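Inspection log for the structure reproduced underneath, given as structure tokens.
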Amino acid sequence: MRTFEDDPSLEDLLSPEQRERLERLLSDLCTEPVRLTEQKSEGSVPVEFNLETIGWLSGGSRDERRAAANLIGFIMMFVAKYRLAANLHHDTTEASYAELQRQNEALKASEARYRELSEQLQDKVDEQVRVIQKNQQELFESARLRSVGQLAAGVAHEINNPIGFISSNLRVARDYLEDLREMVPASPNNQELLDDFRDLLTESMDGTSRVAGIVSDLKTFSSIDQADYSLCRINELLKSAVHLVQTEYNHSLQISERLAQLPAVTGHPSRLSQTFFNVLDNAAQALRDTDQEPAQGRILVQSRLEGDTIQVVIQDNGCGISEADRGRVFDAFFTTRPVGSGTGLGLTVARDTLRAHKGNVQIDSRPGTGTRVTLTIPMQGAQES
Amino acid sequence: MPDFDADDNKLTLKVVFYGPALSGKTTNLMQLHSLLNPQRKGELMVLETRDDRTLFFDMLPIGLRGNSGLDLRLKLYTVPGQVQHDSTRKAVLSRADGVVFVADSQPSQQDNNATAFGNLEENLEKVGLDIDTLPMVVQFNKRDIPGVVDEQDLQTRWASTPWAPLVMASALQGKGVIDTFRLLLDRLYTVINGEYDLEMLHSIDRHTFIEGLSANYGERHAHL
């Protein structure tokens, strides 16, 4: 590679046109034309520039040749100066550019490294934030559930005694009514009054048993009633829950069952029943709330074995759950039903129950199309049924 | 590094005059141009200047022919001393065979000397040269100015470096310039002879080398 300081050749200093023009100008000064060449020829004199013979001059008279050679040497000095400066400038510019590029590369590499680090950092921060939010949420929920549970336990305890003696008293009162029937004269008026009285008592007993049911719900929800875990037959529990819901809705629901052969699992039968009932009750409510013809409403109850877990799927083609409500369905006391017709504890109980069984509840829903609730129950210590 | 062209039997050496701005590098070269009478001497090429300050560099070629027909050339360069011309300084310094560091003797310029010397070290490293092995002479110029730093102090300060003794000079008056150059030739010969065997192959011994390249017009130059 040539550097700026390499000794220049005649070609480097003069272009062919410039050399031709110089020859012409010199020839004008001389008696005979002169020629400047790189090769030595007969009678030519050297043209020297900075200790270097850059060419040979022929033609003209002997004195003219020497004078012209000196003149060319003198001119070459200025040409060479310019050339040196230009070459140096070129070299330094190139070196600076290469240096800049190198620095640019280094900068890019370092920038990329920092970007990567910052992304990793951001990922870590996001992950930590998620963990903190989750923990916070769980803490909040458990604290809330604990307080709700305490409240419910208190209420349940207070109501349990009066409802007990009310229902027992009502039963005794009905027995007394039969005794009374034999004592009073059997006039049609009396009979009607007694029949009506008995109906009143029966309705009141129904009412108390519903109150007792709510109390039992609350007890389940607040885990007061810690009955021992036993072997459960999920299908049996499902069937009785379906039956209960049908009773509640005067057997007007179209519920189809598709139950697979399942092993018995260790679980809490009453809480599981409660859960199935709650979910079925929700499905029934969804069918009632939908815009379509009541006759179109269907509930599908499925059970199946998926590896080590039992899946219970309860699906309806009712009103579905709106986007806004979906995040809150598990919240205790969250309900979309009119005041007094729902406790807002159904799915909360369901979730807590499934958690207690190390399973989970998954809800897929589309407003206007329906809802599918999938309950997953792992078989720990399951036995063939 | 020396540029040896076996076809032309030509060896070109490069000496660079380095130093802070306005320390007298160009003056050194101009004095050498007018004082020296070596076997062969070319034109002093003073490239573009602005306000008398070097923009690119100056260059003076001198030469010597050995008995073997060796065409020995020595190209003397100056660098621009001003800070902003660092890339030019680096380009001129590359492939140097020897360096003359021209320092300014005025007390106010000692920091600039140190900065320039640091810059020299740095640039030598960048162009792949080793300051500890490169033939180099340090000249303290401008001894003619009153109030300059005492020579004894300077010599003591530099005594433990490879560049002692320093050469005192007044380039403006032509004093010490040739001494500096001769000392450099002496140090340069040791390295070049080691590499090219000038003495055996080309019968250029140390004396021939120094005298042939630093012959001068006689008594106009004086020792300080």
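Restricting attention to segment B:130-142, the residues being crowded, with 20+ Cβ neighbours inside 10 Å and more than 15 Å from the chain's Cα centre (by Cα) number 1.
Restricting A:ARG65, A:ARG21, A:ARG35 to those that are among the charged types (D, E, K, R), buried (at least 20 other Cβ atoms within 10 Å of the Cβ) and at pLDDT 85 or above reduces the list to A:ARG65.
A residue that is on the phi > 0 side of the Ramachandran plot and of a type outside the set (Ser, Thr, Tyr) occurs somewhere in segment B:30-51.
Figure legend. Inter-residue proximity from segment A:180-201: first residues in the same structural domain as A:SER167 (by TED's automatic domain parsing), second residues loosely packed, with under 13 Cβ neighbours inside 10 Å and aliphatic (A, V, I, L, M), beta-carbon distance below 6 Å, spacing 6+ or different chains. Indicated pairs: A:ASN190/A:VAL184. Right, B:LEU44: touching a Lys or Arg at 6+ places or on another chain (Cβ under 9 Å) and more than 8 Å from chain A (Cβ to nearest Cβ) or not? No: the conditions fail for B:LEU44. Mind listing whichever residues of segment B:53-62 are under 19 Å from B:VAL15 (Cβ atoms) and either without any contact (Cβ under 8 Å) to a residue 60 or more places away in the chain or among the basic types (Lys, Arg) (or both)? Those that are under 19 Å from B:VAL15 (Cβ atoms) and either without any contact (Cβ under 8 Å) to a residue 60 or more places away in the chain or among the basic types (Lys, Arg) (or both): B:THR54, B:PHE56, B:PHE57, B:ASP58, B:MET59, B:LEU60, B:PRO61. A:PHE140 meets the stated requirement of being closer than 30 Å to A:THR348 by Cα, in a helix (DSSP H, G or I) and among the aromatic types (Phe, Trp, Tyr). I'd like the full set of residues that are surrounded by 18 or more Cβ atoms within 10 Å (Cβ to Cβ) and either more than 14 Å from every other protein chain (Cβ to nearest Cβ) or of a type in the set (A, V, I, L, M, F, W, C) (or both), limited to segment B:48-64. Residues satisfying the conditions are B:PHE56, B:PHE57, B:MET59, B:LEU60, B:ILE62, B:LEU64. Of the helices (runs of 4 or more DSSP H) lying entirely inside segment B:67-183, the ones with 2 or more residues being touching a residue at least 24 places away in the same chain (Cβ under 8 Å) and within 14 Å of chain A (Cβ to nearest Cβ) are found at B:86-93, B:110-126.
Considering the conditions (1) surrounded by fewer than 16 Cβ atoms within 10 Å (Cβ to Cβ); (2) basic (Lys, Arg); (3) part of a helix (DSSP H, G or I), A:ARG271 is excluded by exactly one of them, (1). One residue stands out among those in segment A:228-245 that are within 17 Å of A:GLN302 (Cα to Cα) and of a type outside the set (A, V, I, L, M): the one that is surrounded by the most Cβ atoms within 10 Å (Cβ to Cβ), which is A:CYS232.
Does A:GLU138 satisfy being acidic (Asp, Glu) and within 22 Å of the chain's Cα centre (by Cα)?
Yes.
Filtered by the rule that a residue be in a loop (DSSP other than H, G, I, E, B), closer than 21 Å to B:LEU93 by Cβ, of a type outside the set (A, V, I, L, M) and touching a Phe, Trp or Tyr at 6+ places or on another chain (Cβ under 6 Å), segment B:23-62 gives B:GLU48, B:PHE57.
On the given criteria, is A:LEU100 over 60 Å from the mean Cα position of the chain (by Cα) and assigned to a helix (DSSP H, G or I)? It would help to see each step written out before you state the result.
Details: over 60 Å from the mean Cα position of the chain (by Cα): no; assigned to a helix (DSSP H, G or I): yes.
So A:LEU100 fails the test.
Does segment B:77-89 contain at least one residue that is buried (at least 16 other Cβ atoms within 10 Å of the Cβ) and over 26 Å from B:LEU166 (Cβ atoms)? Yes, the conditions are met somewhere in segment B:77-89.
Entry remark, segment B:31-43: residues being surrounded by fewer than 20 Cβ atoms within 10 Å (Cβ to Cβ), touching a residue at least 24 places away in the same chain (Cβ under 8 Å) and not polar (S, T, N, Q) number 4 in total.
The values are calculated or read from the model by the stated rules, or taken from the named source; none is laboratory data. The structure presented is a predicted model; accordingly, all values stated were derived computationally and were not measured. Neighbour counts run over all protein chains shown; Cβ positions are idealised from the backbone, glycine included.
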